[in-house]
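A short write-up of the structure that comes next.
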Amino acid sequence: MDGKIAESADISATMRDYLAEIYRLSDRARDFNTTDGFIGTSALAELLDVSPPAVNRMVTRLRELGYLQHEPYQGIRLTLDGEREALKHLRRQRIVESFLVTAMGFHWHEIGEDAARMARELPDMIADRMVEMAGNPQFCPHGEPIPSADGSIIPLNDMLMTEAPLAQPLIITRMRTREPDRLEYMSALGLIPNTGIEIIHAAPFNGPLQLRVGKEYRIVGHNLAEMIKVRSA
């Protein structure tokens, strides 16, 4: 490669999948302020359900192309070029999610795997038409911002529900999961983006949270609350 970054057209669909999942894992790691975005390859192998040797081969290839940075004892994270390509791919996924929910009437917990499959080979021309038909949303149904066509993304000043202050009005911004069962359960509790809530009580030692959602009260486990981000209302 002579030290040059590959053109986007040279990236396979599988490479884009890897970059997008590395972005998700790194972004999630930053939620907990533990690794500065570095992740281990074992976490990536588990998420993608592939063998560690296969992940290591792909990581080596992406690093050679200039999309990944590797630091001993820390792991891997995306370079600026890698992040841009990851966000371009996530743009397609989130556009498809928005189209399936808004234009076709699916529920947000029904679309995860299908949206990911459809986005793998989605031409930009079709993606642009789909986002128009979905009403040009800025956010996907799960509350995540839809990146721009050049791979940039708006920052969100939000926080994990588990870190939010008590007895203050909050707004749910986004969900950090695509697991159908969890999303369906969140929806049943009324915990969806743009919903106003208030944390009444948080039990110690990572115990459950008591919430006020409108005029009703909900009990949410700590593990579930870590998958929901909020901001001050």
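Brief remarks follow.
- Within region 59-74, not a single residue is among the small types (G, A, S), farther than 24 Å from D150 by Cα and out of contact with any Cys (no Cβ under 6 Å at 6 or more places or on another chain).
- Hits in region 89-127 - residues which are at pLDDT below 95 and among the basic types (K, R): R117, R120
- Residue match in region 121-138 (condition: touching a residue at least 60 places away in the same chain (Cβ under 8 Å), out of contact with any Lys or Arg (no Cβ under 8 Å at 6 or more places or on another chain) and not assigned by TED's automatic domain parsing to the domain that holds T14): yes
- A Cβ distance below 8 Å, combined with a sequence gap of six or more or placement on separate chains, defines the contacts here; from region 210-228, residues that are among the aromatic types (F, W, Y) reach residues that are buried (at least 18 other Cβ atoms within 10 Å of the Cβ) in the pairs Y217/L211.
- For region 38-60, the tally of residues that are touching a Ser or Thr at 6+ places or on another chain (Cβ under 9 Å) and not in a loop (DSSP other than H, G, I, E, B) stands at 7.
- Count of region 94-109 residues, restricted to those that are surrounded by 15 or more Cβ atoms within 10 Å (Cβ to Cβ) and either in contact (Cβ under 8 Å) with a residue 12 or more places away in the chain or among the aliphatic types (A, V, I, L, M) (or both), is 11.
- Within region 59-93, considering residues that are of a type in the set (S, T, Y) and over 20 Å from A116 (Cβ atoms), the one surrounded by the fewest Cβ atoms within 10 Å (Cβ to Cβ): Y73
- Among the residues of region 2-9, at least one is part of a loop (DSSP other than H, G, I, E, B), at pLDDT below 95 and among the acidic types (D, E).
- Hey, A225 under 30 Å from D114 (Cα atoms) and outside the structural domain of G105 (by TED's automatic domain parsing) or not: yes
- Inspection of region 134-143 identifies no residue that is small (G, A, S) and at pLDDT below 95.
- Within region 31-58, if we keep just the residues that are loosely packed, with under 14 Cβ neighbours inside 10 Å and within 20 Å of T79 (Cα to Cα), the residue that is modelled with the lowest pLDDT turns out to be T34.
- Test: residue in region 165-188 that is modelled with pLDDT of 95 or more, of a type in the set (S, T, Y) and under 19 Å from L25 (Cα atoms): yes
- Some residue of region 113-127 being closer than 17 Å to E184 by Cβ and buried (at least 19 other Cβ atoms within 10 Å of the Cβ): yes
- Checklist (1) surrounded by 15 or more Cβ atoms within 10 Å (Cβ to Cβ); (2) in a helix (DSSP H, G or I); (3) not hydroxyl-bearing (S, T, Y) applied to G151, failing item: (2)
The values are calculated or read from the model by the stated rules, or taken from the named source; none is laboratory data. Not measured: the values here are computed from a predicted model. Note that each Cβ is placed from the backbone with ideal geometry, even for glycine, and that neighbours are counted across all protein chains shown.
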